[in-house]
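> If you scroll down you'll find the structure; I have some questions about it.
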């Protein structure tokens with residue numbers, strides 16, 4: 001087994017297969033690519049403070065789902081990768097179907113059931129979520145996502161100043177209540193524009209001006225998304241092709257350690273602006 005380290009520049013990226021590796025005996029097989037550019041090499045998870053999140057809150061039948069559909073369509077067209085997280089208060093709810101094989105697996109005692117279809121992969125975890133905080137919920141989102149859209153979770157997010165909120169309202173009283181409880185509010189959506197105008201909070205008719213709603217979220221989150229994307233390029237680690245989540249502190253330690261090790265190798269010049277990609281593969285037997 002070997003650890004293969006490639007030192008390559010932007011011009012050499014296309015010819016990576018012909019790059020000359022430095023071979024080091026190691027019980028792991030890995031490929032480490034040091035790129036003298038900021039080439040996107042993948043994505044990783046970060047802790048909640050570094051996630052780009054927007055929440056849509058409101059009462060039943062107020063237009064929350066319509067607002068989320070509008071955002072997904074518009075933001076996806078602009079190249080963002082979107083994840084949605086919906087709060088479902090019904091205690092006995094299950095997304096599974098009674099009588100199906102996956103349902104029977106869970107009834108028999110499986111704590112996690114994964115179903116794999118040609119165009120869909122679903123994971124059902126049988127866990128008590130009643131005491132979850134927002135960070136525990138967000139950890140379930142895949143690491144390549146740019147924007148997370150929350151539907152509901154009002155009690156968890158209404159006073160969280162890091163999460164901009166879109167409030168769907170049907171009545172004047174709902175607008176007044178939300179203006180007191182939810183901070184910050186990015187915009188109101190729904191049939192009551194008058195009260196929103198008095199509060200100096202933008203009102204958007206998402207049926208007539210869907211792009212205005214998309215623009216408001218894009219403008220609010222664009223800078224943080226760009227910053228996060230650049231961080232993703234600094235170092236990425238994959239285990240058998242699956243990205244390993246790294247928080248900023250661990251990322252910095254690993255990046256500095258690896259660059260320090262490589263900088264001691266003969267003939268190696270490190271500029272400290274390289275991007276690192278570490279791919280650890282499982283193999284059978286020894287080479």
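The values are calculated or read from the model by the stated rules, or taken from the named source; none is laboratory data. Quick caveat, the model's predicted, so the values are computed rather than measured. A quick note on method: Cβ atoms are made from the backbone with ideal geometry, for glycine too, and the neighbour counts reach across all protein chains shown.
> State whether the residues of the stretch 173-185 include one that is in a strand (DSSP E or B), surrounded by 19 or more Cβ atoms within 10 Å (Cβ to Cβ) and touching a strand residue (DSSP E or B) at 6+ places or on another chain (Cβ under 7 Å). I'd like the intermediate steps shown before the answer.
Here is the first cut: in the stretch 173-185, the ones in a strand (DSSP E or B) are 185.
Filter once more, keeping what is surrounded by 19 or more Cβ atoms within 10 Å (Cβ to Cβ): 185.
Right, trim to touching a strand residue (DSSP E or B) at 6+ places or on another chain (Cβ under 7 Å) and you get 185.
So far as the stretch 173-185 goes, yes, one or more of its residues are in a strand (DSSP E or B), surrounded by 19 or more Cβ atoms within 10 Å (Cβ to Cβ) and touching a strand residue (DSSP E or B) at 6+ places or on another chain (Cβ under 7 Å).
> Could you tell me whether residue 59 is within 25 Å of residue 178 (Cβ to Cβ) and modelled with pLDDT under 90?
Values: within 25 Å of residue 178 (Cβ to Cβ): yes; modelled with pLDDT under 90: yes.
Against the criterion (within 25 Å of residue 178 (Cβ to Cβ) and modelled with pLDDT under 90), residue 59 qualifies.
> Now, a different point. For residue 127, all conditions in the list (1) closer than 28 Å to residue 59 by Cβ; (2) in the same structural domain as residue 72 (by TED's automatic domain parsing) hold save one; what is the number of the exception?
With respect to (1) closer than 28 Å to residue 59 by Cβ; (2) in the same structural domain as residue 72 (by TED's automatic domain parsing), residue 127 is out only on (2).
> Sticking with this structure for a sec: Can you work out which of the residues in the stretch 186-214 that are free of Cβ contacts under 8 Å to residues at least 60 places away in the same chain and assigned to a helix (DSSP H, G or I) is surrounded by the most Cβ atoms within 10 Å (Cβ to Cβ)?
Among them, the one singled out is 196.
> Output the qualifying pairs, or none if there are none: Cβ atoms under 6 angstrom, residues six or more apart or on different chains, first residue in the stretch 105-132 and surrounded by fewer than 11 Cβ atoms within 10 Å (Cβ to Cβ), second residue not in a loop (DSSP other than H, G, I, E, B).
Between residues of the stretch 105-132 that are surrounded by fewer than 11 Cβ atoms within 10 Å (Cβ to Cβ) and residues that are not in a loop (DSSP other than H, G, I, E, B), the close pairs are 123/114.
> (1) surrounded by 10 or more Cβ atoms within 10 Å (Cβ to Cβ); (2) more than 29 Å from residue 56 (Cβ to Cβ): which one isn't true of residue 142, the others all being true?
With (1) surrounded by 10 or more Cβ atoms within 10 Å (Cβ to Cβ); (2) more than 29 Å from residue 56 (Cβ to Cβ) applied to residue 142, the lone miss is (2).
> Here's a follow-up. Of all the residues that make up the stretch 86-115, how many are touching a strand residue (DSSP E or B) at 6+ places or on another chain (Cβ under 9 Å) and not in a loop (DSSP other than H, G, I, E, B)?
The total comes to 10.
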